[in-house]
Amino acid sequence: MSDKQINLQIAATQVTAIQKKIQSVIDKLFDLLENKKIRYSIYAVSMAALFYLPQKTSMYVTEIMTNVWFHVVVCLGLNIIVGFAGLLSLGYAAFFAVGAYTSGIMILRYGISFWLTLPVSVLMAVIAGLAIGVPTLRLRSDYLAIVTLGFGEMVRLAARNMAITGRATGLVGIDRPAFFGITMNKIAHFYYAFLIMAVLATIISSRLQNSRLGRAWRYIREDEDAAEAMGINTVAVRLYAFIIGSVFGAIAGSFMAIKMTAISPDSFTFTQSVMILLAVVLGGMGKIPGVILGAFITVVFPEISRGIGQYRMLIFGVVLMVLMIYRPQGLWPEREL
Amino acid sequence: MNENGTVLSLENLETWYGQICALRGISLDVYRGEIVTLLGSNGAGKSTTLKTISGLVPALSGKVKFLGEDITNSMPHSIVEMGVIHVPEGRRIFRDLTVTENLEIGSFSLKDNAERKKRIEKVFETFPALADRRRQMGGLLSGGEQQMLAIGRAMMTDPKVLLLDEPSMGLAPVLVQEIMEIIKNLNEEGTTILLVEQNAKVALQLADRGYVLETGEIVMEGDADKLSQDDSIVKAYLGH
């Protein structure tokens, strides 16, 4: 063996030694989190810090963090479809388009209070979930991805061509609602609204994951045929995933409509759907903290790297590729058994 | 055997995969407490028959009756709830779930936790090898253990009829004997069994009766010991 080969071997053993050390630290952290007292105090402290944040930081930071919470909600919504149920979907932007347009149209054209548009938005989301879920019941992986991609484009093109959705200009001048007498016109208001939604989405996701339905999702994700043979109602289970995922997206979309006060078909492009899917995959499909991390990174990374100029998206792309090659399971670590 | 009552009966069952006719009008009966085997070469329609019974594949015409009730167009999950359980070919256990989690899938429709625990313990009594590995991932089990897990998972549903698709596939002869012994025990405890096998010798030793399928049609039926002495069967499937 040449010196070079020996050096390489030494380097390789060093790398595995470092990996082992990192894993042992991670395992220790997980052990620490097993302790309920420690876990809940971490939750409490971080919640307090997040609620305090807009008081201390600039409007710019608050704006970006608001965007992070919005993405957390939609990513957790998509995570139900892709991560929990294993149904690859490339048209998620359609679901928040449904929410945004439902609220936008009702407020702008009929003068209905925003809060009353929310239940309608949910109802429309259920219909949208069924609209994509029912025709695709027998489709798997790549075929499903193609149809959901088509669905996303259909919704966008419909919005672009219908009079009621304002065609290519979209809806402009959507009124902001009042919340207990306070008109929601400051970024901090939206920060809190989206933060609360993100917290609720997290709690609901984790409750769902550990529920009977969550287990059924896991079974159809692992092996749909075997799950069906073992008596799981795969039709209902799949439709629930699409419906619940769609509702998450629509509610986020409704709030987006009043935050932006203007929406257009360009807000709901294929790129949007891909960015959300990317956040989910990057953080770790099916892992709630991972998905939150993924949402955070996909929003914050392009912002903090603004200094690099137009190369930032190129660098982001390269970093993502490297990550997916070396950590296909996503960034969020898992405890080794 | 008629006095025991028909548990499962197929009447003129036809199944198509698109343009291809897989079952050309099959009629067969399974009586309570029997082991019935379906023999035939690759592509004869054995697995399709089981899939049509359990509702995984829709029938074009004909009827599947379970205890006199027409279940031809029922959803797979309601057929499972009635007590007709299909153990699919290739075992299809969940590789990334533990042994216990795999068993829990079988009792998915059961809401009684105490009953679930009881059934899990019963599976572990039947298969001590699985009890030692209850926290291991399904994918790490050997072929024989995976087959035991697949049968154990079906036992969790408290089946009236088990549809077993090639339980001996890919197993060493000694394990085949062990699995057959387990099937026999399950049958003696009261489960009716419809067994699909390529290994005709083993299947005919175990079964009460048998049907022989050829390109989607039943070409022969009868008592297992008679079939195992029939010249054409011996030539085609027993390899003498």
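The numbers here are math on the coordinates, done by the rules we state, and not lab data. Computed from a predicted structure; not experimentally measured. Every residue, glycine as well, gets a Cβ built from its backbone with ideal geometry; the counts of neighbours run over all protein chains shown.
Which of A:Met230, A:Met59, A:Met260 moves most in a GNM of chain A, Cα contacts under 10 Å?
Most flexible of the set in this elastic network: A:Met230.
Given contacts defined as C-alpha pairs under 8 Å and at least six residues apart, what's the relative contact order of the range A:180-337, whole-number percent?
15
Near B:Gln146, within a Cβ-to-Cβ distance under 12 Å, what is the net charge of the other residues, with Lys and Arg +1 and Asp and Glu -1?
Charge balance in the 12 Å sphere: +4.
What is the ratio of the Cα radius of gyration of the range A:71-146 to 2.2 N^0.38 Å, with N the residue count, to two decimals?
1.24
Percent antiparallel among DSSP beta bridges with both residues in the protein assembly as shown, to the nearest 5?
Counting DSSP beta bridges with both partners in the protein assembly as shown, the antiparallel share is about 60 percent.
Taking the Cα atoms of the range A:10-158 alone, what are Rg (to one decimal) and Dmax (as a whole number) in Å?
When restricted to the Cα atoms of the range A:10-158, Rg and Dmax are 21.8, 72 Å.
Hey, fewest Cβ within 10 Å first, where do A:Arg109, B:Arg32, A:Arg306 land in order?
Fewest-to-most ranking of A:Arg109, B:Arg32, A:Arg306: A:Arg306, A:Arg109, B:Arg32.
If you find the alpha carbon centre of the range B:150-192 and of the range A:147-174, how far apart are they in angstrom?
Using only Cα atoms to place each centre, the spacing works out to 56 Å.
On a 0 to 90 degree scale, rounded to 10, what angle separates helix B:173-188 from the longest Cα axis of chain B?
Result, in degrees: 90.
Using only Cα atoms, tell me the angle between helix A:288-304 and the longest principal axis of chain A; keep it within 0 to 90° and round to the nearest 10.
It is inclined by approximately 80 degrees.
Which percentage, to the nearest 5, of the DSSP beta bridges contained in chain B is antiparallel?
60
Looking only at A:Thr234, A:Thr13, A:Thr261, which one moves most when chain A is put into a Gaussian network model with springs between Cα atoms under 10 Å?
Highest fluctuation of the listed residues: A:Thr13.
For chain A, with a Gaussian network of springs between Cα atoms less than 10 Å apart, report the residue from A:Ile196, A:Ile80, A:Ile276 with the top mean-square fluctuation.
Most flexible of the set in this elastic network: A:Ile196.
Distance from the Cα centre of the range A:270-333 to that of the range B:36-66, in angstrom?
Distance between centres, Cα-based: 48 Å.
Beyond 31 Å, what share of the Cα-Cα pairs of chain B is found? Please give it as a whole percent.
Details: 5814 of 28680 pairs.
Roughly 20 percent, rounded to a whole number.
Does anyone have the angle between helix A:93-110 and the longest principal axis of chain A? Alpha-carbon axes, 0 to 90°, nearest 10?
Taking the Cα atoms of chain A, the angle to A:93-110 is about 20 degrees.
In straight Cα distance, which lysines are under 18 Å from B:Lys63, not counting same-chain residues fewer than 8 positions off?
B:Lys46, B:Lys51
Using only the alpha carbons of the protein assembly as shown, what is the convex hull's orientation-averaged projected area in square nanometres?
With the hull built on Cα positions only, its mean projection is 35.6 nm².
Could you put B:Leu195, A:Leu195 in order, starting from the residue whose Cβ has the fewest other Cβ atoms within 10 Å?
A:Leu195, B:Leu195
Hull surface divided by four, with the convex hull built on the Cα atoms of the range A:62-326: how many nm²? Don't skip to the end; give the middle numbers.
Numbers: hull surface 57.9 nm².
So the Cα hull casts an average projection of 14.5 nm².
Going by how many other Cβ atoms sit within 10 Å of their own, how do B:Met156, B:Met220, A:Met321 line up, fewest first?
Numbers: B:Met156 23, B:Met220 16, A:Met321 10.
Fewest to most other Cβ atoms nearby, the residues stand as A:Met321, B:Met220, B:Met156.
Could you tally the net charge around B:Ile120, taking each other residue with its Cβ under 9 Å from the Cβ of B:Ile120, Lys/Arg +1 and Asp/Glu -1?
+4
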